[in-house]
1. Based on Cβ point charges of +1 for Lys and Arg and -1 for Asp and Glu, what charge dipole magnitude is obtained for the stretch 1-67 about its Cα centre, in debye rounded to the nearest 20?
2. Which one, 44, 191, 145, has the greatest fluctuation when you compute a Gaussian network model over the chain with C-alpha springs under 10 angstrom?
3. What is the spin-label model distance, in nm, from residue 210 to residue 27 if the labels are put 7 Å beyond Cα along the C-beta direction?
4. Each label point is 7 Å from the Cα along the Cα-to-Cβ direction; what then is the distance between the points at residue 346 and residue 163, in nm?
5. Which links in 91/180; 91/201; 91/230; 21/75 stretch past 26 Å when you go from one Cα to the other?
6. Please report, in debye to the nearest 20, how large the charge dipole of the stretch 113-256 is about its Cα centre when each Lys and Arg carries +1 at its beta carbon and each Asp and Glu carries -1 there.
7. Regarding the stretch 113-256, what is the average projected area of its C-alpha convex hull, in nm²?
8. Of the options 324, 24, 223, report the single residue whose Cα projects farthest towards the positive end of the charge dipole of the chain (beta-carbon charges: Lys, Arg +1; Asp, Glu -1).
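Here, each number is a calculation from the coordinates, and none is a lab measurement. Just so it is clear, the structure is predicted and the values come from calculations on it, not from any experiment. Neighbour counts run over all protein chains shown; Cβ positions are idealised from the backbone, glycine included.
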Amino acid sequence: MKIAVLAGDGIGPEITAEAVKVLQALDLKFEMERAPVGGCAYDAHGHPLPEATLKLAKQADAVLFGAVGDWKYDKLDRPLRPEQALLGLRKNLGLFANFRPAICYEELVGASSLKPELIAGLDILIIRELTGDIYFGQPRGRRSAPDGHFPGSEEAFDTMRYSRPEIERIAHVAFQAARKRSKRVTSVDKANVLETSQLWKDVVSEIAAQYPDVALDHMYVDNAAMQLVKEPKRFDVVVTGNMFGDILSDEAAMLTGSIGMLPSASLNERKQGLYEPSHGSAPDIAGKGVANPLATILSAAMMLRFSLEQPEAADRIESAVKDVLASGLRTADIHSEGTKRVGTREMGDAVVASLTKKTTKG
Ligand code: NAD
Ligand code: IPM
Ligand code: MN
């Protein structure tokens, strides 16, 4: 089993180191190979996604990804910006299905900004289409406006675009995931305004006919954003496009207590995957040793389950994370009165200790 480890920028190397430590504490044989990605790859090689990094990612069974980006690269031409590396990996590997499970662990009910009763027991799965939509639609650019209210002035434009097969395949992923859960799917769109969303809604409804055992409802994205904080437990599987899924998954992160708790898996048709926390490179706390590594550690668990056929090892990591939270250890983002504040490394060490203790016991 070969894992490509792409740590990236900001807190990326700190959190990835902890996930690697946890993987190494399992008694499994992995080959891990590292490669530069993002801003650090641009600095070293002049490109955020060097050929060798892309080649390694393609050859590997799975990619463990930290985070990319820093404000200092914001003035670069877009193709050279760190975020393009991630988009390039998603597109080149065909990683169209993004799973972002928002689970509120019992111990973190008090860490969220929402009232405890709204989020206690929360377990929702956001399925975000990841290789289409306004992220990749052409044409896009800047130009002198040919018409409109201000002819001749500068304008910028992006193209929101979805094809029927793109929607069909993500709809199948959502219905199949729902079959393993509570058999409910909410499809989120903006069909009252957008053509792409009307096609989305029509196609998802057509595919639903093949899953008569799964209940489907549709919701506009503005209402979904509101319902997510009003009554989050009304949702089970949420399926949506690339842009809406990006925004709603960060919103859902707060339902789990912190953005530092939300893992993700991005899969292609061959179940090859890229596993990363849903958050970014957090330049504001990078290098301080305070970032929460649990989203990355939980992403490594998803990697074992989805790409490496090691579901028991995945369960072990998830149960070690629960134990560590139950023991009261907290990084700054989830810290509250009566709990012990620890740094990134101590949190990773505690997960390893819990894993190892269980192995010794039997
Ligand atoms: P961000 O997710 O990096 O940070 C948002 C806030 O959450 C910050 O206050 C940060 O300190 C906090 N935070 C994030 N992860 C945390 C963790 N593990 N533990 C504790 N606190 C954490 O989003 P941003 O500030 O909008 O973006 C920063 C950079 O990251 C930008 O360059 C952006 O493009 C990039 N980005 C990358 C990814 C990715 O690599 N997948 C995702 C999102 C943003
Ligand atoms: C995410 C990030 C990325 C996205 C950026 C960094 C390209 O925000 O993974 O959620 O928008 O998809
Ligand atoms: Mn995002």
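1. 180
2. Evaluated over the chain, the most mobile residue of the options is 145.
3. So the two model labels end up 4.3 nm from each other.
4. Label at residue 346, label at residue 163, 5.3 nm between them.
5. Table pairs above 26 Å Cα-Cα are 91/180; 91/230; 21/75.
6. Dipole magnitude for the stretch 113-256 comes out near 420 debye.
7. The Cα convex hull of the stretch 113-256, projected and averaged over all directions, gives 10.1 nm².
8. Value: 24.
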